[in-house]
Amino acid sequence: MYEEIIAATQNFDAMYCIGSGGFGSVYKAELPSGNIVAAKKIHTLCDGDHVTDRKEFLNEIEALTQIRHRNIVKLHGSCSNARHSVLIYEYLEKGSLAEILSKEEEAKELNCSRRVNIVKDVAHALSYMHHDCLPPIVHRDISSKNILLDSDYVAYVSDFGTAKLLKLDSSNCTGFAGTFGYVAPELAYTMKVTEKCDVYSFGVLALEVIKGNHPADFISTASSPSANIQLKDILDQRLSTPTVEVEDQLKKIVTCAAACLRANPQSRPTMRMISQMLSVSSTVQIPSTVTPGEHERVL
């Protein structure tokens, strides 16, 4: 497959590049079989950063070979030699959520109902990673650029280069990772990774999906215990008026997002709780504090 990828991308020519991030660039490759895949070529860094470069590559392989979920991007294979380190994924036609939200017409196509489903998709994926994987997996970089959409607007969590598999007998302390504007505030002074870091990032993302851009001005308001964000004040103005049913779901997402942004990590709900809340049709009361128990795995 490696030689096929090289041929299909003309040795990773820029014309085939469909995205680029901190650790690699992604290329669209049509194989002789007719299948289309996304090939992520890890950036070649200077010698001093080679260890970090290699770690991100192995991190992604380790995380993605252990998980199978409909809302997590599928890793088909990987290869590494003296020239390149490459990860091969399923190809998702619509690209990143960030890219879609930044374009006027494409953002309109992402109607209220589709946006509700995107938030649910991400919640289900994170719930699976935190509560159904052993050891639990914390993504550490949940942001709109790392959420990909297929042709039916189904959302997939991608880019596991900074993911951390939590060890129950370890402090799980680490260096900074993530995208500014989505990172939980406690990481600035504790550097301790828990699943609540992803919960905070999910809260930011959920508001971004509804607002249509990063909710910087609303984060401090939403994190307040007395937060009372009105849907009309945050809903993307490019969208048509939602039905009553969809409007209720959007309001529920705003409520859940505000709970995820609480300053005290232990007061945030777990992703399992969020996933369950968004799956039921009736209004669910989110507790002001979360007591570790059947709904939360203590890490």
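Read the figures in this text as sums done on the coordinates, not as results from a lab. None of these values were measured; they are calculated from a predicted model. When we count neighbours, we look across all protein chains shown, and the Cβ atoms used for this are built from the backbone with ideal geometry, even at glycine.
Things worth noting here:
- Structure note, pairs Lys108/Lys196; Lys40/Lys192; Lys196/Lys251; Lys120/Lys192; Lys55/Lys103; Lys40/Lys211: Cα-Cα distances above 24 angstrom occur for Lys108/Lys196; Lys40/Lys192; Lys120/Lys192; Lys55/Lys103; Lys40/Lys211.
- When the Cα atoms of region 95-279 are aligned to their principal axes, the ranges along those axes come out at 50, 38, 28 Å in descending order.
- Lys/Arg +1, Asp/Glu -1 at C-beta; region 2-90 dipole; positive extreme among Asn81, Ala7, Asn35: Asn35
- Under 14 Å of direct C-alpha separation, and excluding same-chain neighbours fewer than eight residues apart, Lys164 reaches these aspartates and glutamates: Glu56, Glu60, Glu62, Asp141, Glu195, Asp198.
- Global form of region 2-90, assessed from the alpha-carbon gyration tensor, a/c cut-off 1.5: oblate
- Computed lengthening from Lys108 to Lys55, 0.36 nm per intervening residue step minus Cα-Cα distance: 15.2 nm
- Ordering of 200-207, 27-34 by burial proxy (mean other Cβ atoms within 10 Å per residue, highest first): 200-207, 27-34
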